[in-house]
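Some notes on the structure that comes next.
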Amino acid sequence: MDNLQDAQILTVSHHKDFELFGDRIFEFVKQYPTLKVVLLSEEPFWDSVWMPNPLARTQSFKASSGEFPFTVINHHTSPVFSATKIPYFLLTDPRYIAGYQPRLDRNAGMTAAQWHSHFQHAQIDAAFIGIRRTGRLLSPAFPQADLFALSVFRSEFAAGCRGDRIVREGQGWTNGPKRQDLSDWHADKLSRFDLQCRYLSAFENTHQPDYVSEKIFDAFAVGAMPLYSASPAHAVHRLVGSRGWVNYYDQMTPVPSMDALEPVSLQTCGDYAAIQSQLAQLFAEKGNVEREYERLCSSLVQELKTVF
């Protein structure tokens, strides 16, 4: 769009954009009264930490020069991110599924007994990859929406795991460059931990019923048992399944310690093997990806139409 006067919608992706550019946006809205402002957020963490109210669809922002209304389209206020088979996050970069496919194809050929042996002899008991976070600011909770932060919990969980075969990496854990500075941090993670771990942390930064990132898929791809937290209504039960991974949703207070990471049972290995086959088939069918893109695009268009 070359000319603002031809635009119908002005979108921002973060509530802090209003703090940075609120006066300019107010002037735009004042000059073009039909212009609609939309906060289109793909990240519940941003919403829960920095938005005064991440749950209301219709809101307003008071800039120093005046107040303007805006519409919120996020995981809570919209069905855009309610995936059918493949979560939105995996669609943001084709390298995710491309990195998973050969590993899942390999994993799908392993039996429960083989996985049981693998977990017994894994070189790393548990790996935690992510920023170490602390403080109440990063611990918001909106119980009525089953929305709450997990960043501090997963950091405390990682800190509580003791032993010689625990890996903790990321800002706040180790010195050195940020993982995001790597040319491909995700490929590096998959390569370094492939068939090396018994458990791999897959805790999201935020618990939101429709939010599923790459983390639990990373764990399955590298042949590790995922550590996760999901309420009964969480989409992971629909997209992945309810067994074959460790769910800490009912065990978050007090924060569990290494004692909770018990040896993986043969029965759990059977569930784990079934999910490996399920995921290999899911990503092998290219139509699944195409249909999820179609659903996403169609849903977003419908949501934007409701703004007028």
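Here the dipole of region 161-308 is about 100 debye; that uses its Cα centre as origin and unit charges on the Cβ of Lys and Arg (positive) and Asp and Glu (negative). Accessible surface area normalised per residue over region 94-183 is 56 Å², counting heavy atoms of protein chains with a 1.4 Å rolling probe. Pairs exceeding 21 Å between alpha-carbon atoms, taken from K36/K85; K85/K189; K36/K305; K30/K62: K36/K85; K85/K189. Relative to the longest principal axis of the Cα atoms of the chain, the long axis of helix 286-305 makes an angle of roughly 30 degrees. Once you treat every alpha carbon in region 194-282 as an equal point and sum by Debye, what is log10 I(q)/I(0) at q = 0.11, 0.18, 0.22 Å⁻¹? Relative scattering, expressed as log10 I(q)/I(0), comes to -0.28, -0.79, -1.20. Subtracting the Cα-Cα distance of D17 and N175 from their residue separation scaled by 0.36 nm leaves 53.8 nm. Axis of helix 16-31 versus longest Cα principal axis of the chain: the two differ by about 30°, to the nearest ten degrees. In this Cβ point-charge picture (+1 for Lys and Arg, -1 for Asp and Glu), region 131-230 has a dipole of about 420 debye about its Cα centre. For region 1-38 and region 97-169, write down the distance between their C-alpha centroids in whole Å. Computed from Cα coordinates, the inter-centre distance equals 40 Å. When the alpha-carbon atoms of region 1-61 are used, the pair Rg, Dmax equals 12.2, 34 angstrom. Calculated mean residue ellipticity, 222 nm, the chain: -11500 deg cm²/dmol, from DSSP H runs (n ≥ 4) at -39500 (n - 2.57) each, averaged per residue and rounded to 500. Volume of the convex hull of the chain (Cα atoms only), normalised per residue: 148 Å³. Fully extending the segment from R165 to Q278, taken as 0.36 nm per residue of separation minus the present Cα-Cα distance, adds 37.7 nm. Annotation for S60 and W185: the two label points, set 7 Å from Cα along the Cα-Cβ direction, are 3.9 nm apart. Dividing the mean sequence gap of close Cα pairs (under 8 Å, 6+ apart) by how many residues region 1-88 holds gives a relative contact order of 28 percent.
Measuring nothing but protein heavy atoms, the accessible surface of the chain at 1.4 Å probe radius is 51 percent carbon and sulfur. Label sites at S299 and L195, each approximated as a point 7 angstrom past Cα along Cα to Cβ, lie 3.6 nm apart.
Could you tell me how many degrees, from 0 to 90 and to the nearest 10, lie between the Cα long axis of helix 266-284 and the main elongation axis, the longest principal axis, of the Cα atoms of the chain? Taking the Cα atoms of the chain, the angle to 266-284 is about 50 degrees.
Per residue, region 256-308 exposes an accessible area of 56 Å² to a 1.4 Å probe, with every protein chain left in place.
Look at the dipole of the chain built from charges on Cβ: of G172, H118, F68, the Cα furthest out on the positive end belongs to H118. Annotation: R198 carries an accessible surface of approximately 30 Å², with a 1.4 Å probe and no ligand, DNA or RNA atoms counted.
The values are calculated or read from the model by the stated rules, or taken from the named source; none is laboratory data. What you see is a predicted model; the values in this text were computed from it and never measured. Cβ coordinates were reconstructed from backbone atoms using ideal geometry, including for glycine residues, and neighbour counts include every protein chain displayed. Protein only, heavy atoms only, side chains kept; ligands, DNA and RNA dropped before computing areas. Shrake-Rupley method; radii C 1.70, N 1.55, O 1.52, S 1.80 Å.
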